[in-house]
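As structure tokens, the structure follows; a few thoughts come after it.
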Amino acid sequence: MADLSEGLRLTPTPACIAGLTFLDDLTIPDGSSVSPGTLLDKRWLVENSGSCNWNQSYRLKIIAGPDLGAPNEQALYPARSGTQAVIRIAFIAPAEPGAYRSAWQAFSPQGEPFGDPFFIEIIVQMP
């Protein structure tokens, strides 16, 4: 009788691939003028374009520019692969007039950045 295990190889399940595609600024379009100290409710529409489902282990982190009063790291909105999600971060406009850009990116549970970075770009003007 032939050994059925011959020729059979167990292949490990491939790890999922993390992906995030920026789709749209839902609030506060780039270049918006705001007053100093204004609370900014920024929302981006994104798609989970990878094969991983985002859970509480996935994070958002600032990658460039000022944090504008937001925590430097926070949970990424949970989303199943292939679905759209709204990322929401609360910012506070700086007291000093000028142009500000804060850049953010998603990070895997292993700490690897993935997907499109996304931004808030504002111009603080005195009222």
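The values are calculated or read from the model by the stated rules, or taken from the named source; none is laboratory data. Keep in mind the model is a prediction, meaning the values are calculated, not measured. When we count neighbours, we look across all protein chains shown, and the Cβ atoms used for this are built from the backbone with ideal geometry, even at glycine.
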* Looking at Ala103, Ala70, Ala93, Ala64, which is the one that is under 15 Å from Phe22 (Cα atoms), modelled with pLDDT of 95 or more and among the small types (Gly, Ala, Ser)? -> Ala103
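Residue-wise test of (1) in a loop (DSSP other than H, G, I, E, B); (2) crowded, with 17+ Cβ neighbours inside 10 Å; (3) in contact (Cβ under 8 Å) with a residue 12 or more places away in the chain; (4) touching a His at 6+ places or on another chain (Cβ under 7 Å).
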| residue | (1), (2), (3), (4) |
| --- | --- |
| Gly50 | yes, yes, yes, no |
| Asp67 | yes, no, yes, no |
| Ala90 | no, no, yes, no |
| Ala95 | yes, no, yes, no |
| Gln105 | no, yes, yes, no |
| Gln110 | yes, no, no, no |
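Kindly establish whether Leu10 is at pLDDT below 95 and either hydroxyl-bearing (Ser, Thr, Tyr) or assigned to a loop (DSSP other than H, G, I, E, B) (or both).
On the way: at pLDDT below 95: yes; either hydroxyl-bearing (Ser, Thr, Tyr) or assigned to a loop (DSSP other than H, G, I, E, B) (or both): yes.
Yes, satisfied.
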* Only one of (1) in a loop (DSSP other than H, G, I, E, B); (2) of a type in the set (A, V, I, L, M, F, W, C); (3) within 30 Å of Ala15 (Cβ to Cβ) is not met by Val46, so which one is it? -> (1)
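Would you check if Ser57 is in a strand (DSSP E or B) and either more than 11 Å from Leu20 (Cα to Cα) or modelled with pLDDT under 95 (or both)? So that I can check it myself, show each step before the final result.
Details: in a strand (DSSP E or B): no; either more than 11 Å from Leu20 (Cα to Cα) or modelled with pLDDT under 95 (or both): yes.
No, not satisfied.
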* Asked: Of the residues that sit in region 50-108 and are closer than 20 Å to Thr38 by Cβ and of a type in the set (Phe, Trp, Tyr), which one is farthest from the chain's Cα centre (by Cα)?
  -> Tyr100
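Can you say whether Ile17 is under 20 Å from the mean Cα position of the chain (by Cα) and under 19 Å from Pro109 (Cα atoms), as far as the supplied structure shows?
Numbers: under 20 Å from the mean Cα position of the chain (by Cα): yes; under 19 Å from Pro109 (Cα atoms): yes.
For Ile17, the condition - under 20 Å from the mean Cα position of the chain (by Cα) and under 19 Å from Pro109 (Cα atoms) - is met.
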* Asked: Quick check, is Ala85 closer than 18 Å to Phe114 by Cα, surrounded by 16 or more Cβ atoms within 10 Å (Cβ to Cβ) and in contact with a strand residue (DSSP E or B) (Cβ under 7 Å, 6 or more places away or on another chain)?
  -> yes
